[in-house]
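The values are calculated or read from the model by the stated rules, or taken from the named source; none is laboratory data. No experiment lies behind these values; they were computed from the predicted model shown. Quick reminder, even Gly has a Cβ in these numbers, built from the backbone with ideal geometry, and neighbours come from all protein chains shown. To get the accessible areas, we keep the full protein, side chains included, count just its heavy atoms, and leave off ligands, DNA and RNA. Shrake-Rupley method; radii C 1.70, N 1.55, O 1.52, S 1.80 Å.
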Amino acid sequence: QVQLVESGGGLVQPGGSLRLSCAASGIAFSLYDMGWYRQAPGKQRELVAVITRGGSTNYADSYADSVKGRFTISRDNAKNTVDLQMNSLKPEDTAVYYCNQGPIAGRMPGQNDYWGQGTQVTVSS
């Protein structure tokens with residue numbers, strides 16, 4: 001069965017960097033677009049970045065506008081992992097970060113679909 005395990009979160013000062021990792025199992029990983037999502041307190045979950053099954057991020061909607069130029073998504077199909085490098089972090093980036101399959105027909109996985117535990121990112125002085 002599907003398992004998604006996120007790691008790498010923590011407390012960081014504004015302007016700092018973190019690298020998140022997601023390990024997937026129970027899935028033909030290389031056949032799926034993968035995304036990073038986040039959910040801030042009191043907010044809906046939102047898409048942060050998406051990478052195609054072939055590793056492309058060269059689309060206008062590959063990154064949310066709020067993170068363009070600061071975050072980079074990557075994947076290693078041999079290891080079934082997808083990472084998110086986060087630079088120049090801002091307090092507004094504070095959220096629980098999740099990985100999952102990328103959006104299909106503009107829709108992210110639903111709340112009743114499988115989600116991992118996520119990893120907490122807190123950006124604060």
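So, with +1 on the Cβ of K and R and -1 on the Cβ of D and E, and no other charges, what is the size of the charge dipole of the chain about its Cα centre, to the nearest 20 debye?
60 debye
Ignoring ligands, DNA and RNA, please state the percent of accessible area on the chain from carbon and sulfur, probe 1.4 Å.
On the way: 3150 of 6880 Å².
That fraction is 46 percent.
Please work out how much accessible surface residue 89 shows to a 1.4 Å probe, ignoring ligands, DNA and RNA, in Å² rounded to 10.
Looks like 0 Å² after rounding.
Near residue 90, which lysines are there with a Cα under 24 Å away, not counting those fewer than 8 places off in the same chain?
Leaving aside lysines fewer than 8 places away in the same chain, those within reach of residue 90 are 43, 68.
Give the aspartates and glutamates whose C-alpha is closer than 17 Å to that of residue 79, dropping any in the same chain fewer than 8 places away, or say none.
Residue 79 reaches 6, 33.
Cut-off 10 angstrom, C-alpha nodes, Gaussian network model of the chain. Which of 14, 109, 41 fluctuates the most?
41
Stretch residue 31-residue 112 to full length: gain in nm at 0.36 nm per residue minus the Cα-Cα span? Mind showing how you got there, number by number?
On the way: separation 81, 0.36 × 81 = 29.16 nm, distance 2.23 nm.
Roughly 26.9 nm would be gained on extension.
Could you pull out the trypsin sites (Lys or Arg not before Pro) across the range 2-44 that fall in loop regions by DSSP (anything but H, G, I, E, B) with no more than 16 other Cβ atoms inside 10 Å?
Working: sites: 19, 38, 43; in loops: 43.
Filter output for the range 2-44: 43.
Express in nm, to one decimal, how much length is gained between residue 72 and residue 5 on full extension, taking 0.36 nm for each residue of separation and deducting their alpha carbon distance. Intermediate values should be presented prior to the final figure.
Numbers: separation 67, 0.36 × 67 = 24.12 nm, distance 1.88 nm.
Length gained, residue 72 through residue 5: 22.2 nm.
Which is the longest part of the chain that has none of the chymotrypsin sites (Phe, Trp or Tyr not before Pro) sitting in a DSSP loop with at most 14 other Cβ atoms within 10 Å? Let's see the in-between values first.
Numbers: sites that count: 59, 114.
Between exposed loop sites, the widest span is 1-58.
Compare 52, 72 by solvent-accessible area with a 1.4 Å probe and give them largest first, with all protein chains kept in place.
Working: 52 30, 72 75 Å².
From most accessible down to least: 72, 52.
From the phi of every residue in the range 6-23, what ³J(HN,Hα) in whole Hz does the Karplus formula 6.51 cos²θ - 1.76 cosθ + 1.60 yield, where θ is phi - 60° and glycine or proline is x?
Coupling constants for the range 6-23: 9, 8, x, x, x, 9, 9, 6, x, x, x, 10, 9, 10, 9, 10, 9, 9 Hz.
Take every DSSP beta bridge with both residues inside the chain and express the antiparallel ones as a percent of the total, to the nearest 5.
Values: 33 of 36 bridges.
The antiparallel fraction comes to roughly 90 percent.
Residue 94's amide H: which non-local residues (gap 5+, or another chain) put their own amide H closer than 5 Å, with H modeled 1.01 Å from N in plane and none for Pro or chain starts?
Placed amide hydrogens put 123 under 5 Å from residue 94.
Enter the accessible area per residue of the chain (Å², integer; probe 1.4 Å; all protein chains in place). Provide the component values of the computation, followed by the final result.
Working: 6880 Å² over 125 residues.
Heavy-atom SASA per residue in the chain reads 55 Å².
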